[in-house]
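So the structure is just underneath, and the comments pick up after that.
The values are calculated or read from the model by the stated rules, or taken from the named source; none is laboratory data. Owing to the predicted nature of the structure, the values given are computational and were not obtained by experimental measurement. Neighbour counts are summed over all protein chains in view; Cβ atoms, including those assigned to glycine, are modelled from backbone coordinates with ideal geometry.
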Amino acid sequence: MAEPDLASVASVESLKWSLPPGGTAFSFPVQETVVTEEPLEIRLVHDGRPETVSVTMRTPTEDEHLAVGFLFAEGIVSDRSEIAAVSSHRAEGDQIVDVHVRHPVHVDRSLTRSFLTNSSCGVCGRSLVQGLLAARGGPVAGSFEVDAERLVALPRTLRAAQRLFDRTGGLHAAGLFDAQGTLLRLAEDVGRHNAVDKVVGARFLEGRLPDQQAILQVSGRVSFEIVQKAAVAGIPVLSAVSAPSSLAVSAADRLGITLASFVREDRLSLYAHPERVRGARP
């Protein structure tokens, strides 16, 4: 696994304070490595005319994958052939990703979530289950299955591959795995949904969506938005180390997503469509 880009981390000074048992308090300055969080502007460009679609806070890695994954998850682009090119550049100190489309693309802002986002905004109150079902033609289907023993091992594999987390301790991760537990794609970011967008965007550009034989493993909790992104990408199994929200559970059930949460080395909880997990069914 490659070392993280220097732009993804920053050095800061902190003052450590300690009070040893039975001793005297003391403090000392140290240099620490923290994760970088900066704004990214995502623009659609057609016929040379750019249109800002989103400004999101993110960790500066895989910006082009993040932009494409975001546009795909929001239904703004639906096929690889719609994209002519993806480019990134800085303007007045701000990072911009331009997604050049071959034909005009309509952005229906009444149906999409707030386009001024931050790294933890989540769905910002939007409910699109009906729209997702209509767009997909129904719930995520297929005969994909995974052993429970494989599923509980995924968080450890994901954590071992997190190079940025090793240096900063401040990153979420999303990983795509096959049924044998092989890591296919990893992304890290300060935002859970950004990490997922990076994974989905990369697979979209590779022409590998829908990913009907894959598992999406995420760090942290599961919000509706993470379920939405898995459904749009056609990923049948979503696994997380922490808790789901009520809307995530109901959305996973209706969208045909197997939702596993509190996934640890020796246990997991299945909230929707447990039939895909062998060995966990009663």
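What the table below lists for this structure:
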item: Those residues of the range 42-62 which are among the basic types (Lys, Arg) and at pLDDT 90 or above, in sequence order; result: Arg43, Arg49
item: Members of the range 59-94 that are under 23 Å from Val190 (Cβ atoms) and touching a His at 6+ places or on another chain (Cβ under 8 Å); result: Val86
item: Arg109 vs. criteria assigned to a helix (DSSP H, G or I) and either out of contact with any Gly (no Cβ under 9 Å at 6 or more places or on another chain) or at pLDDT 95 or above (or both); result: no
item: Residue check, Asp197 touching a residue at least 40 places away in the same chain (Cβ under 8 Å) and either surrounded by fewer than 17 Cβ atoms within 10 Å (Cβ to Cβ) or assigned to a helix (DSSP H, G or I) (or both); result: yes
item: Odd one out for Arg267 among (1) within 14 Å of Leu154 (Cβ to Cβ); (2) free of Cβ contacts under 8 Å to residues at least 12 places away in the same chain; (3) among the basic types (Lys, Arg); result: (2)
item: The range 68-103, residues that are of a type outside the set (A, V, I, L, M) and within 23 Å of Gln130 (Cβ to Cβ); result: Gly69, Phe70, Phe72, Glu74, Gly75, Ser78, Asp79
item: Selection from the range 255-280 of residues that are under 17 Å from Gly142 (Cβ atoms), surrounded by fewer than 16 Cβ atoms within 10 Å (Cβ to Cβ) and of a type in the set (Lys, Arg); result: Arg278
item: Wholly enclosed strands (runs of 3 or more DSSP E) of the range 37-95 bearing at least 1 residues within 15 Å of the chain's Cα centre (by Cα) and crowded, with 16+ Cβ neighbours inside 10 Å; result: 49-58
item: Residue that is farthest from Val222 (Cα to Cα) [pool: residues in the range 248-282 that are in a loop (DSSP other than H, G, I, E, B) and among the small types (Gly, Ala, Ser)]; result: Gly279
item: Of the criteria (1) touching a strand residue (DSSP E or B) at 6+ places or on another chain (Cβ under 8 Å); (2) farther than 23 Å from Thr157 by Cβ; (3) free of Cβ contacts under 8 Å to residues at least 24 places away in the same chain, which one Ser246 fails; result: (1)
item: Single unsatisfied condition, Gly234 versus (1) under 25 Å from Met57 (Cβ atoms); (2) at pLDDT 95 or above; (3) in a loop (DSSP other than H, G, I, E, B); result: (1)
item: Count of residues meeting criterion [in contact with a helix residue (DSSP H, G or I) (Cβ under 7 Å, 6 or more places away or on another chain) and at pLDDT below 95] in the range 237-248; result: 4
